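Novice: Take this structure, written in structure tokens, and hold onto it; I'll ask about it next.
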Amino acid sequence: MTGLGITSIATPLAVRFGHSSPALAAALTVSAFNPGIALVSWLAGTTLDTSLGVTGLEVVGAVMAGLGLIPPLVLAAMRATRTAVPEVSLPATDEETSHEAQAHREAA
């Protein structure tokens, strides 16, 4: 269940950061899950031969769910501790400058 939630978060993030090639970013994100699926399937299968037996599948699932929560939690912590970006004042346009100059002349 965690894996399904992570996919729906990771793909839009990859598309947003893959500026010039969003389709490639999305494809790489989705394809990155394939080795994970293969690894966890193999790992869960090997636990059947250990003393854990069928319980090993649940242990592997719980560990992987916990590991899958680490990236979103790190991103949330980074977002929560991020400081606000100071506002940058832009140079005045010619129109603003001429109005200020006119107001200054009128005041003098």
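Novice: So which residues in the stretch 1-16 are surrounded by fewer than 10 Cβ atoms within 10 Å (Cβ to Cβ) and either within 16 Å of GLY61 (Cα to Cα) or aromatic (Phe, Trp, Tyr) (or both)?
Specialist: From the stretch 1-16, those surrounded by fewer than 10 Cβ atoms within 10 Å (Cβ to Cβ) are 1, 4, 8; that's our starting set.
Across the stretch 1-16, the qualifying residues are MET1, LEU4.
Novice: Let me ask another. Restricting to the stretch 39-50, what's the tally of residues that are surrounded by 11 or more Cβ atoms within 10 Å (Cβ to Cβ) and not in a helix (DSSP H, G or I)?
Specialist: Total satisfying the criteria: 1.
Novice: Condition first: more than 31 Å from the chain's Cα centre (by Cα), farther than 21 Å from SER8 by Cα and modelled with pLDDT of 80 or more. Can you find one or more residues in the stretch 61-84 that meet it? Steps first, please.
Specialist: Residues of the stretch 61-84 more than 31 Å from the chain's Cα centre (by Cα): none.
No; the residues of the stretch 61-84 include none that is more than 31 Å from the chain's Cα centre (by Cα), farther than 21 Å from SER8 by Cα and modelled with pLDDT of 80 or more.
Novice: Working carefully through the options GLY36, GLY61, GLY53, find the one that is out of contact with any Gly (no Cβ under 6 Å at 6 or more places or on another chain), outside any helix (DSSP H, G or I) and open to solvent by less than 70 Å² (accessible area, probe 1.4 Å). Step through it out loud before you land on a result.
Specialist: Numbers: GLY36 fails: outside any helix (DSSP H, G or I); GLY61 fails: outside any helix (DSSP H, G or I).
After applying the criteria, what remains is GLY53.
Novice: Then there is this: Answer with yes or no whether GLU106 is loosely packed, with under 10 Cβ neighbours inside 10 Å, part of a helix (DSSP H, G or I) and either at pLDDT below 80 or touching a Phe, Trp or Tyr at 6+ places or on another chain (Cβ under 8 Å) (or both).
Specialist: On the way: loosely packed, with under 10 Cβ neighbours inside 10 Å: yes; part of a helix (DSSP H, G or I): yes; either at pLDDT below 80 or touching a Phe, Trp or Tyr at 6+ places or on another chain (Cβ under 8 Å) (or both): yes.
When the stated conditions are applied, GLU106 passes them.
The values are calculated or read from the model by the stated rules, or taken from the named source; none is laboratory data. What you see is a predicted model; the values in this text were computed from it and never measured. When we count neighbours, we look across all protein chains shown, and the Cβ atoms used for this are built from the backbone with ideal geometry, even at glycine. All accessible areas refer to the heavy atoms of the entire protein, side chains included, with ligands and DNA or RNA removed. Shrake-Rupley method; radii C 1.70, N 1.55, O 1.52, S 1.80 Å.
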